[in-house]
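Participant: Sharing a structure here in structure tokens format.
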Amino acid sequence: MINVGNDWQPLFDIEQNKPYYLELRKFLKSEYSTKTVYPPMNEIFNAFRMTPFNSTKVVIVGQDPYHEPGQAMGLSFSVREGTQEPPSLVNIRTEIENEGLLQSSWSSDLSRWAEQGVLLLNSTLTVQAHRAASHAGKGWERFTDNAITALGDDERPKVFMLWGSYARSKKALIHRSCHLILESAHPSPLSAYRGFFGNGHFRKCNDFLVSTGQTPVVW
């Protein structure tokens with residue numbers, strides 16, 4: 001059983017005893033023992049470990065971990081320093097720069113965001129090497145949907161960044177009107193010019209955080 005080490009644990013305790021999760025666990029045990037799967041097993045829950053529930057003030061929803069060697073690290077859109085930045089992350093950096101918010105210490109490792117309360121949550125938390133969406137429909141979506149629902153039901157104002165049609169479908173899980181939901185096209189090269197560039201999300205996010213008495217994110 002997973003011990004996440006912070007106030008996400010009650011959610012983990014509930015979900016890990018449900019039949020769907022027990023089936024997911026069996027599937028993952030087989031996958032990790034017979035195939036190359038990303039991220040490494042001990043990094044699957046990095047988003048939850050690095051951003052406790054009560055510290056979460058921004059949620060950036062991704063769909064699937066990166067599926068090439070050395071990329072996935074348990075945080076949506078993030079790769080380790082020294083790894084070539086995937087195109088979506090390059091476009092995220094470009095938008096931050098265009099909004100005048102780029103820090104001189106930019107890194108492809110977005111752990112610094114997670115430590116500031118930005119939950120970098122993929123909907124599916126594992127993937128087989130070189131096979132995008134290979135672990136979709138195995139149970140992860142139910143787990144992460146329940147996490148998003150819990151955050152959406154919390155009365156502390158949060159910003160939900162939903163990029164692309166898949167992430168935008170998660171809007172239905174967010175019920176309280178105290179939250180800010182920011183929607184746009186995905187930052188991938190296929191769609192970035194169709195509404196991601198120029199969306200102003202990073203500045204809008206920080207303006208909302210300040211207006212609700214919270215510390216803005218240093219992007």
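The values are calculated or read from the model by the stated rules, or taken from the named source; none is laboratory data. Everything numeric in this text was worked out from a predicted model, so none of it was measured. When we count neighbours, we look across all protein chains shown, and the Cβ atoms used for this are built from the backbone with ideal geometry, even at glycine. All accessible areas refer to the heavy atoms of the entire protein, side chains included, with ligands and DNA or RNA removed. Shrake-Rupley method; radii C 1.70, N 1.55, O 1.52, S 1.80 Å.
Participant: What helices (runs of 4 or more DSSP H) lie completely within the range 139-219 and have 2 or more residues being under 25 Å from residue 90 (Cα atoms) and of a type in the set (Lys, Arg)?
Facilitator: Of the helices (runs of 4 or more DSSP H) lying wholly inside the range 139-219, those with at least 2 residues that are under 25 Å from residue 90 (Cα atoms) and of a type in the set (Lys, Arg) span 201-211.
Participant: Still on this model: Based on what the data block shows, is residue 184 in contact with a Phe, Trp or Tyr (Cβ under 6 Å, 6 or more places away or on another chain), touching a residue at least 12 places away in the same chain (Cβ under 8 Å) and within 16 Å of residue 59 (Cα to Cα)?
Facilitator: yes
Participant: Pairs please, first residue from the range 7-26 and at pLDDT 95 or above, second anywhere and charged (D, E, K, R), Cβ atoms under 6 Å, 6+ apart in sequence or on different chains.
Facilitator: Correct list of pairs: 20/142; 21/15; 24/138.
Participant: Which members of the range 1-23 meet the condition of being assigned to a loop (DSSP other than H, G, I, E, B), hydrophobic (A, V, I, L, M, F, W, C) and either open to solvent by 60 Å² or more (accessible area, probe 1.4 Å) or in contact with a Pro (Cβ under 7 Å, 6 or more places away or on another chain) (or both)?
Facilitator: Correct list: 1, 8.
Participant: Right, something else. Residues 115, 97: which one is open to solvent by 40 Å² or more (accessible area, probe 1.4 Å), at negative phi, in contact (Cβ under 8 Å) with a residue 60 or more places away in the chain and not hydroxyl-bearing (Ser, Thr, Tyr)?
Facilitator: Going through 115, 97 in turn, just one is open to solvent by 40 Å² or more (accessible area, probe 1.4 Å), at negative phi, in contact (Cβ under 8 Å) with a residue 60 or more places away in the chain and not hydroxyl-bearing (Ser, Thr, Tyr): 115.
Participant: Looking at (1) surrounded by fewer than 23 Cβ atoms within 10 Å (Cβ to Cβ); (2) closer than 26 Å to residue 169 by Cβ; (3) among the hydrophobic types (A, V, I, L, M, F, W, C); (4) touching a helix residue (DSSP H, G or I) at 6+ places or on another chain (Cβ under 6 Å), which one does residue 102 not meet, given that it meets all the others?
Facilitator: Going through the list (1) surrounded by fewer than 23 Cβ atoms within 10 Å (Cβ to Cβ); (2) closer than 26 Å to residue 169 by Cβ; (3) among the hydrophobic types (A, V, I, L, M, F, W, C); (4) touching a helix residue (DSSP H, G or I) at 6+ places or on another chain (Cβ under 6 Å), residue 102 breaks only (2).
Participant: Let me ask something else. Kindly indicate the residue of the range 30-82 that is in contact (Cβ under 8 Å) with a residue 60 or more places away in the chain and charged (D, E, K, R) and also nearest to residue 118 (Cα to Cα) among those meeting that condition.
Facilitator: 57
Participant: Name the residues in the range 180-211 that are hydroxyl-bearing (Ser, Thr, Tyr) and open to solvent by 50 Å² or more (accessible area, probe 1.4 Å), would you?
Facilitator: Across the range 180-211, the qualifying residues are 193, 211.
Participant: Considering only residues that are in a helix (DSSP H, G or I), within 12 Å of residue 218 (Cβ to Cβ) and among the β-branched types (Val, Ile, Thr), which ones fall in the range 85-133?
Facilitator: The answer is 96, and nothing else.
Participant: Which pairs do you get when a residue that is within 21 Å of residue 67 (Cβ to Cβ), found in the range 133-153, comes within reach of a residue that is among the acidic types (Asp, Glu), reach meaning Cβ atoms under 6 angstrom, with the pair 6+ apart or on two chains?
Facilitator: 133/64; 143/15
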